[in-house]
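See structure below.
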Amino acid sequence: MKISVIVPVYNVEKYLPRCLDSIIKQSYADLEIILVDDGSSDNSGIICDEYAKMDTRIKVIHQENGGLSSARNTALDACTLGGDYISFVDSDDWLEPGFYDFIAENSSNFDILIFDYFLAYEDSKKVIYQFSEDQELDTAKCLLEMSKFNVPSFVWNKIFSKKLFEKIRFPVGRYYEDQAVMHLLIDKAEKIFYQHKALYNYYQNEKSISHSVNEKTYRDFFYVNILRGRFLKKYYPDVYEYHLSYSYSALAKLCWLYFGKSEYKKRNSRIKKLMRNRLLSNIFNPKIHYATKIKMFLCLLPVDILRLLYNKKI
């Protein structure tokens, strides 16, 4: 079984060799490694080319900067003729030995394989276990556990059957692109397996997209979770109730950061009205976590009180 390993690359010359070494040194060797240099302005593109000379399994694509989704989509298009499975590795992360060994013996047992992972720092690691034992998850349960934050929406701690991506691509120009597609991939999967073993190192890079906080990240967080909510409400209504905490969290962040700014008054007035209506209709709903209800209530408070509560300049 060939695995297409997709690595989007952008200005990571400091971390890229560690990432690529962890891939090419895997004991499972039947890999197709696709590196997409997304318009890097440092030496990342050169490093990609050097590794391609050392390992014939590596294919390098250089393109103008289009963002993480664009780079992943480019790689997905490039691997359509090869590979039975698809694995995503972020270029500042790295794999533990044996990450792909599970494929050889269990390739017929899953369409999506989920691993645990490490939160990796410069001098330490913290393991993140999702469940206490190996188990098979049906579609509804996997979506439910994802809505409870037990299964993260990342694509990098999973291996996917290639067929799942036949009509699915990441939304270009959006942050939280994993969350925009993960529910769709799970919905298409017939077999989902969780392996209780941490094999991926998620490096806590303070300069990465996931650590940036600005208007666009919050807007996109809200956008992609609204899309997911509409999907769940239509096809998995029982899961939808748990998913609401995603959208409420995003709404709360928008209110905390931008409430009171003149250019957002009209928008935030609508958000405030939505929060009030949702709070009233869900205040006694046992499926809605109490912390979510508190966030909804806080968004109804005057901005001056929010400033005092959060000691944050808005």
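The values are calculated or read from the model by the stated rules, or taken from the named source; none is laboratory data. In this text the structure is predicted, and so the values were computed from the model without any measurement. Backbone-built Cβ (ideal geometry, glycine too); neighbour counts: all protein chains shown. The area values use the complete protein model at the heavy-atom level, side chains included, leaving out ligands, DNA and RNA. Shrake-Rupley method; radii C 1.70, N 1.55, O 1.52, S 1.80 Å.
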- Counting only the heavy atoms of the protein chains, how much of TYR235 is accessible to a 1.4 Å probe, in Å² to the nearest 10? 120 Å²
- Item | Sulfur and carbon atoms: percent of accessible area, the stretch 24-100 [1.4 Å] | 50 percent
- Counting only protein heavy atoms and leaving out ligands, DNA and RNA, the solvent-accessible surface of MET146 at a 1.4 Å probe, in Å² to the nearest 10, equals 0 Å²
- Task: Filter the cross-link list LYS162/LYS216; LYS59/LYS125; LYS2/LYS162 down to pairs whose alpha-carbon distance in this structure exceeds 22 Å.
- Result: LYS162/LYS216; LYS59/LYS125
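Computed over the Cα atoms, what is the radius of gyration of the stretch 22-119 divided by 2.2 N^0.38 Å, N being its residue count? Write down the numbers at each step before the final one.
Details: Rg = 14.1 Å, N = 98, 2.2 N^0.38 = 12.6 Å.
Relative to the rule-of-thumb radius for its length, the stretch 22-119 sits at 1.12.
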- Note on the structure: In nanometres, the difference between 0.36 nm per residue of separation and the alpha-carbon distance of ILE46 and TYR28 is 3.9 nm
- Take the Cα gyration tensor of the stretch 1-71, multiply each eigenvalue by 5, square-root it, and list the three semi-axes largest first, rounded to whole angstrom. 20, 13, 10
- Task: Working with all protein chains in place, sort TYR218, TYR242, TYR129 by solvent-accessible area computed with a 1.4 Å probe, largest first.
- Result: TYR129, TYR242, TYR218
- Inter-label distance, nm, simple model (7 Å from Cα along the C-beta direction), ARG276/GLN63: 4.6 nm
- Task: Express the accessible area of the stretch 1-159 per residue in Å², computed with a 1.4 Å probe while the remaining protein chains stay in the model.
- Result: 43 Å²
- To the nearest 10 Å², what's VAL60's accessible area with a 1.4 Å probe? 40 Å²
